[in-house]
Amino acid sequence: MAANNRRMSGKKGAQVGSGGQRRRGLEGKGPTPPAEMRKGHAKQRAAQAKARRAQGARPQQRRGGGRSASELVVGRNPVVEALREGVPASTLYVQQFIDNDERVREALQLAAERGGINLMEAPRPELDRMTNGLNHQGLVLQVPPYEYAHPEDLVAGAHEEGQDPLIVALDGVTDPRNLGAVVRSVSAFGGHGVVVPERRAAGMTAGAWKTSAGTAARTPVARATNLTRALEAYKKAGIAVVGLAADGEAELGDLDALDGPVVIVVGSEGKGLSRLVGETCDFRVRIPMPGGAESLNAGVAAGIVLYEAARRRG
């Protein structure tokens, strides 16, 4: 009977309690903080941006531009020319027991005058290995990776200066010297930077630095994972996208879009604009050429349009 009574008893055993969680859940959490103090709120971001402007600081650069690979400049004349033109350099490698001619002495002097360049002595087999057997002539200059901007950084930089963005985008331009020439023109005519695609395009190599004649140090180059999407983002931000094309519907002198925020898209000398990029442009414009030339290289074409934009804005 005792066993039956125990089985039929409705009395419950010990239960695990809530530990006070229910009671604490009913307690208030205090007053709601103002929007400026709430993490991620639009008003907080605006307040932070205002504080940065008040301090005279540039907004933090967005990730996405990326870095290029380091590069080697090989040979006595190329090394001396790179140092003369202010190409960024981290290390100058000099072969042991090298014949100390005028070019070697000038390279050592330029590196010492600039400062911040490590001087390393290395045996010939080591330089042969570094350069994959190229004729280095005992001098090798290491160029550090280039730090690309994000396409949106160029717009932010223009707005910080209180100006309408003036940007050049390159579509299919693979010669670094053309890129350097465009960077130089952008700097000369008050532009805010250059955009290049991540693939199948020229990058900021030592050759581009040399052609820019030092202006690459103050003119940002942004790299876009997808140029078409970058142009679409510019359009959403209220920036006109103008593509240069030999068969463009309008002439350069008739284009009012150059008066305001604009991205000038320049294609390769042979193929021009790619189909998708051409379809993304708001306007396709031609440069009148009374002399009858079929096309201009990217550096010259960009310089002409940038001059026209700067003339109107001036």
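Quick look at the numbers
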{"quantity": "Gain in span if fully extended, SER70 to GLU85, counting 0.36 nm per residue against the direct Cα distance", "calculated": "3.6 nm"}
{"quantity": "Heavy-atom accessible area ranking, 1.4 Å probe, most first, across MET120, MET289, MET204", "calculated": "MET120, MET289, MET204"}
{"quantity": "Accessible area (Å², 1.4 Å probe, nearest 10) - THR228", "calculated": "30"}
{"quantity": "Spin-label model distance (nm) - ASP256 vs GLU113, 7 Å beyond Cα toward Cβ", "calculated": "5.3"}
{"quantity": "Relative contact order [Cα under 8 Å, 6+ residues apart], the stretch 167-314, whole percent", "calculated": "30"}
{"quantity": "All-pairs Cα distance distribution in the stretch 64-169, expressed in whole percent, bin size 5 Å", "calculated": "2, 11, 19, 18, 13, 9, 8, 8, 6, 4, 1, 0"}
{"quantity": "Listed peptides 296-304, 233-241 by packing density, highest first (mean Cβ within 10 Å)", "calculated": "296-304, 233-241"}
{"quantity": "Paramagnetic reach from ARG311 (point 7 Å along Cα→Cβ, amide N under 16 Å) across the stretch 223-262", "calculated": "251-260"}
{"quantity": "Candidate aspartates and glutamates for bridging to LYS271, where Cα separation is under 16 Å - those fewer than 8 sequence places away on the same chain excluded", "calculated": "ASP171, ASP175, ASP247, GLU279, GLU294"}
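The values are calculated or read from the model by the stated rules, or taken from the named source; none is laboratory data. What you see is a predicted model, and the numbers here were worked out from it, not measured in a lab. Note that we place each Cβ from the backbone using ideal geometry, even for glycine, and neighbour counts take in every protein chain shown. We work out accessible area using only protein heavy atoms, side chains counted, and drop any ligands, DNA or RNA first. Shrake-Rupley method; radii C 1.70, N 1.55, O 1.52, S 1.80 Å.
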